[in-house]
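The values are calculated or read from the model by the stated rules, or taken from the named source; none is laboratory data. All values derive from a computational prediction rather than experimental measurement. Because the Cβ atoms are built from the backbone with ideal geometry, glycine has one as well, and the counts that use them run over all protein chains shown.
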Amino acid sequence: MRIGFGNDIHRLATGRKLILGGVVIAEDRGAEGHSDADALTHAITDAIFGALAEGDIGKHFSDGEERWKNAESFVFLRYAVSLMKEKGYEIENVDSTVNLETPKLRPFIDQIRESLAVVLEISVDRVSVKAKTGEKVGPVGTQAAITAEAVVLMREVSR
Ligand code: MG
């Protein structure tokens, strides 16, 4: 077994889409970033790289590179999953939390879980996505930022 942890933060801005786990949550106020700024997907991708001791998302996809500008973050996640499979592992389960003041994520949670499960190549009951607000304090609570944390457990594929 191997375990990995990942986290992420993005500033919120008007005129940006908010995308989480590949699902569009809002059209008019979202996360700023070089890619599509999908904080949840970035946290999970980093957790996979972490479990493999393969560095972080910035090592594999530099934000100085023009080709990753506005990139769909699932490109990063798909790459991490393919690296994991190459090394002979599969995901046991994922747990994650998104910290966002508004909008409420509850109506989107199952759609986000299903979206992630497809890319992670596991059943949806192995993908947990939780949501918290920032209680009106700090960067999350004042709607300045969105953050996400994720842990991934993987096991060696038996052959
Ligand atoms: Mg990020």
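Check every one of the strands (runs of 3 or more DSSP E) wholly within the range 1-85 and list those with 2 or more residues that are more than 14 Å from the ligand (Cβ to nearest atom) and either of a type in the set (A, V, I, L, M, F, W, C) or surrounded by 15 or more Cβ atoms within 10 Å (Cβ to Cβ) (or both).
On the way: elements: 2-14, 18-20, 23-26, 29-31.
Per the criteria, 2-14, 23-26.
Out of curiosity, is Phe61 touching a helix residue (DSSP H, G or I) at 6+ places or on another chain (Cβ under 6 Å) and modelled with pLDDT under 95?
Criteria met by Phe61.
Does Val94 meet the test of being in contact with a helix residue (DSSP H, G or I) (Cβ under 7 Å, 6 or more places away or on another chain) and either at pLDDT 95 or above or among the β-branched types (Val, Ile, Thr) (or both)? Please lay out each step first, then the result.
Details: in contact with a helix residue (DSSP H, G or I) (Cβ under 7 Å, 6 or more places away or on another chain): yes; either at pLDDT 95 or above or among the β-branched types (Val, Ile, Thr) (or both): yes.
The answer is yes for Val94.
Give the residues of the range 9-53 that are closer than 25 Å to Glu92 by Cα and out of contact with any Gly (no Cβ under 9 Å at 6 or more places or on another chain), sorted by residue number.
Leu20, Gly21, Gly22, Val23
Look at Glu101 and say whether it is in a loop (DSSP other than H, G, I, E, B), under 14 Å from Leu18 (Cα atoms), at pLDDT below 95 and touching a Gly at 6+ places or on another chain (Cβ under 9 Å).
Details: in a loop (DSSP other than H, G, I, E, B): yes; under 14 Å from Leu18 (Cα atoms): yes; at pLDDT below 95: no; touching a Gly at 6+ places or on another chain (Cβ under 9 Å): yes.
No, not satisfied.
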